[in-house]
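The values are calculated or read from the model by the stated rules, or taken from the named source; none is laboratory data. All of these numbers come straight from a predicted model, not from anything done at the bench. Ideal geometry is used to build each Cβ from the backbone, glycine not excepted, and the neighbour counts take in all protein chains shown.
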Protein chains: 2
Amino acid sequence: MRGILLSFLAFMLLNPAAAARGTGDLGLFIERASSSVQIVETSGNTSIASVDGLGDLSHASVVYSRDARYAYVFGRDGGLSKVDILDAKLSGRTLQSGNSIGGAISQDGRLVAVSNYKPGGVKVFNADTLELVADIPATYGSNQQRSKVIGLVDAPGHKFVFSLWDADEIWVLDMSQQTRPEIQKFKAIGRNPYDALITSDGRYYIAGLFGEDGMALLDLWNLAAGVKRILPNYGRGEQKLPVYKMPHLEGWAVAGDLAFVPAVGRHEVLVINMRDWQEAGRIKVHGQPIFVMARPDGRQVWVNFALPDNDTIQVIDTQSLEIVRQLKPGKGVLHMEFEPRGEEVWLSVRDEGRVEVYDTHTFERKTSIPASKPSGIFFTARAHRIGL
Amino acid sequence: MRGILLSFLAFMLLNPAAAARGTGDLGLFIERASSSVQIVETSGNTSIASVDGLGDLSHASVVYSRDARYAYVFGRDGGLSKVDILDAKLSGRTLQSGNSIGGAISQDGRLVAVSNYKPGGVKVFNADTLELVADIPATYGSNQQRSKVIGLVDAPGHKFVFSLWDADEIWVLDMSQQTRPEIQKFKAIGRNPYDALITSDGRYYIAGLFGEDGMALLDLWNLAAGVKRILPNYGRGEQKLPVYKMPHLEGWAVAGDLAFVPAVGRHEVLVINMRDWQEAGRIKVHGQPIFVMARPDGRQVWVNFALPDNDTIQVIDTQSLEIVRQLKPGKGVLHMEFEPRGEEVWLSVRDEGRVEVYDTHTFERKTSIPASKPSGIFFTARAHRIGL
């Protein structure tokens, strides 16, 4: 009896059950230099744990399981890692390609898709086991070359949508039948789509073009209408800019009918009327905008900038279209994430080695968390959103 | 030593730690007849546990803590119950008034407010401890009478907004300073506001009027403009109807610029253009609509009906404005809740004693869960939304 009890006690001590707690206020941020993520909670704004061994996390992004327990981390080295944020451990990892860029989780949470540069295509995995479910090579042209894939998002109806950089195509992948993926291809959508986004209702997919001005718009409620070109003045600016300076489209801010878009190569935020997809104005800002993100209530838009202005944040009021605040959190403000109802925002300040939390009403700095070259910040409320 | 081990073992057996699991796919539904809630999960669509002892749950509603672990259940008898949905137990309860109707949780999750009929007013509680933080009597007029309070919602900036049935007023309560609540009152907003809603960005608060036609609109981004009257044809219909047949305003559906609203006393769903708040059309439906709810992507609107048509659901396509499907789940379809990304919808079918889950793409019934007179269904993703 005593032996059994001792064994039991030892078992309990060596295998502590994951702490029981709600996962609605959890999140993580990427620590690129240490191949790790730091798990945080937003009720007390504290760090909980770290998980490492995640490979090359430059440009890494994250989606969450529908129960908000597991983070799927998409690394640049083709690594797809499944992190248990309750237990703070790696619960699965597959090196699924040589070079990848982002991913998405299906509407029902059962499938995780990764977009790959090399070999070009999309791989779809079982979200529980990380077993391969479908391999979609991005072949095109008469020689059946393979294209790099970018701008992968989920859409309602168990769909994934993505763009082919080399092929100038947008594909809609329907995974309703896991064993019979269906692909609808839209060709000649414009030269070199470099990034894309989907509106928060999952209706409009918009790809930015590196090879020419304008953007490609696909209405997923009306696929028969095909891809349309919009915003002819949305371009690379006068000079050709290297890709790494292109703004992130996923950061598009939407407030009412207006979208706020980082201009390319200009110190401007563009205002777009989403009813007719026409430009509705330009707001002069401090530098070249990178992320232009709306507070969840749409009242404010927060903007960060490319070098040499990446120490600054500007806040735009979406009613007056004026800059109402400028902050200087420090060098290397790389990413922002709002708490789900918008009362606070988290900023990664890479070169200063910290993540900071601000009150979005008072602009007061609430706390600062030490971090090793932090970049992307991702909270679990993303689990419940379309198109992330 | 052995005694300690035995004590430890006994402790572990008697106090099993709550199961560690993500809470993003959890929810509950109200079982009015047994004063209980049934906790469910939406990944496998199963029932997990029940919690009882919640008092009079007619017309009960629920909000969630920001970590998605605790459900605050607002009962009709003035009971405010805090249910731990991980541990499946009641973790707090206060009988805070004689008769209440609904509540809300503040943007930062620290305060829970309850709107009371008797005595008329709003009480604000600490979300952790359920201790009273502020008592706001709804006094009005020269005799300082107290009004019933309805239509209580949260709004950005740690605000609560509510309407005074007897006083014809809308109040905006700012709880930024917990010890110094600030109230802004809007008077003569229209006769007898009976229910209200706030748009999902937390900007527009709209109260339905029982005493006259039209609705009262308050733009929270522009309080100086005061309350405006909109929709002059939105009224009680030709006959005066009893309050219990009034549709629920919280069920308003928004898809793009269009809002879909239950007509009062007519077999119609009204379509409202939210740009100018003008009526944009009417859709003939099967009966008197009660809840008119949009699928999260806004592509479909699901409608249930008052007696004698409460065995039926109709689904409207928001692009064609046509009814694309009619379902007959059974007698007493009282409430609907979409899974957060919209792939499935849960229906409570009270008189048949079950809750049913439907695929919103195929309209196939996925499962049926036995329930004791089920009514409201509430999923934890609500924790992350404004105005619920």
Is there a residue in region B:373-383 that is modelled with pLDDT under 95 and either of a type in the set (Ser, Thr, Tyr) or within 23 Å of the chain's Cα centre (by Cα) (or both)?
no
Would you confirm whether or not region A:38-60 contains a residue that is more than 21 Å from B:Thr380 (Cβ to Cβ) and touching a Pro at 6+ places or on another chain (Cβ under 7 Å)?
no
Output the qualifying pairs, or none if there are none: Cβ atoms under 9 angstrom, residues six or more apart or on different chains, first residue in region B:341-353 and touching a residue at least 60 places away in the same chain (Cβ under 8 Å) and within 14 Å of another protein chain (Cβ to nearest Cβ), second residue of a type in the set (S, T, N, Q) and surrounded by 22 or more Cβ atoms within 10 Å (Cβ to Cβ).
B:Glu344/B:Thr42; B:Glu344/B:Thr360
Inter-residue pairs, beta-carbon under 9 Å, first in the same structural domain as A:Ser200 (by TED's automatic domain parsing) and in region A:251-269, second in a loop (DSSP other than H, G, I, E, B) and surrounded by fewer than 23 Cβ atoms within 10 Å (Cβ to Cβ), 6+ apart
none
Would you check which residues across region B:106-138 are surrounded by 15 or more Cβ atoms within 10 Å (Cβ to Cβ) and polar (S, T, N, Q) and list them?
B:Ser106, B:Gln107, B:Ser115, B:Asn116
Is it true that B:Ser142 is polar (S, T, N, Q), over 25 Å from A:Glu339 (Cα atoms) and modelled with pLDDT under 95?
yes
Enumeration of residues in region B:318-352 that are under 23 Å from the mean Cα position of the chain (by Cα) and surrounded by fewer than 18 Cβ atoms within 10 Å (Cβ to Cβ)
B:Lys331, B:Asp351
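Yes/no per residue for (1) out of contact with any Pro (no Cβ under 8 Å at 6 or more places or on another chain); (2) assigned to a strand (DSSP E or B):
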{"position": "A:Ala196", "(1), (2)": "yes, yes"}
{"position": "A:Gly202", "(1), (2)": "no, no"}
{"position": "A:Ala207", "(1), (2)": "no, yes"}
{"position": "A:Asp213", "(1), (2)": "no, no"}
{"position": "A:Leu217", "(1), (2)": "yes, yes"}
{"position": "A:Trp221", "(1), (2)": "yes, no"}
Restricting the search to region A:49-105, which residues are surrounded by 24 or more Cβ atoms within 10 Å (Cβ to Cβ), within 14 Å of another protein chain (Cβ to nearest Cβ) and of a type in the set (Ser, Thr, Tyr)?
A:Tyr64, A:Ser65, A:Tyr70
Can you name the residue in region B:290-304 that is among the hydrophobic types (A, V, I, L, M, F, W, C) and within 14 Å of chain A (Cβ to nearest Cβ) and, of all such residues, is surrounded by the fewest Cβ atoms within 10 Å (Cβ to Cβ)?
B:Ala294
Filter region B:2-42 for residues that are touching a Phe, Trp or Tyr at 6+ places or on another chain (Cβ under 7 Å) and within 11 Å of chain A (Cβ to nearest Cβ); which is modelled with the lowest pLDDT?
B:Leu9
Residue count, region B:83-124 (criterion: under 18 Å from the mean Cα position of the chain (by Cα), among the aliphatic types (A, V, I, L, M) and modelled with pLDDT under 95):
1
Scanning region A:158-203 residue by residue, the ones that are touching a residue at least 40 places away in the same chain (Cβ under 8 Å), within 14 Å of another protein chain (Cβ to nearest Cβ) and not charged (D, E, K, R) total 8
Only one of B:Ile272, B:Ile313 is among the β-branched types (Val, Ile, Thr) and in contact (Cβ under 8 Å) with a residue 40 or more places away in the chain; which?
B:Ile272
Restricting to strands (runs of 3 or more DSSP E) lying wholly in region B:84-187: which have 1 or more residues that are of a type in the set (D, E, K, R) and not assigned by TED's automatic domain parsing to the domain that holds B:Gly376?
B:89-95, B:111-118, B:121-126, B:132-137, B:149-155, B:159-164, B:169-174, B:182-186
Qualifying residue in region A:228-245 (condition: closer than 13 Å to A:Arg191 by Cα and at pLDDT 85 or above):
yes
Considering region B:357-382 alone, what residues qualify as being at the interface with chain A (Cβ under 10 Å from one of its Cβ atoms) and of a type in the set (Asp, Glu)?
B:Asp359
Given the conditions (1) part of a strand (DSSP E or B); (2) at pLDDT below 95, every one holds for B:Leu307 apart from (1)
Please determine, by comparing only the residues of region B:255-289 that are touching an Asp or Glu at 6+ places or on another chain (Cβ under 8 Å), in a loop (DSSP other than H, G, I, E, B) and more than 14 Å from every other protein chain (Cβ to nearest Cβ), which one is nearest to A:Asp257 (Cα to Cα).
B:Val285
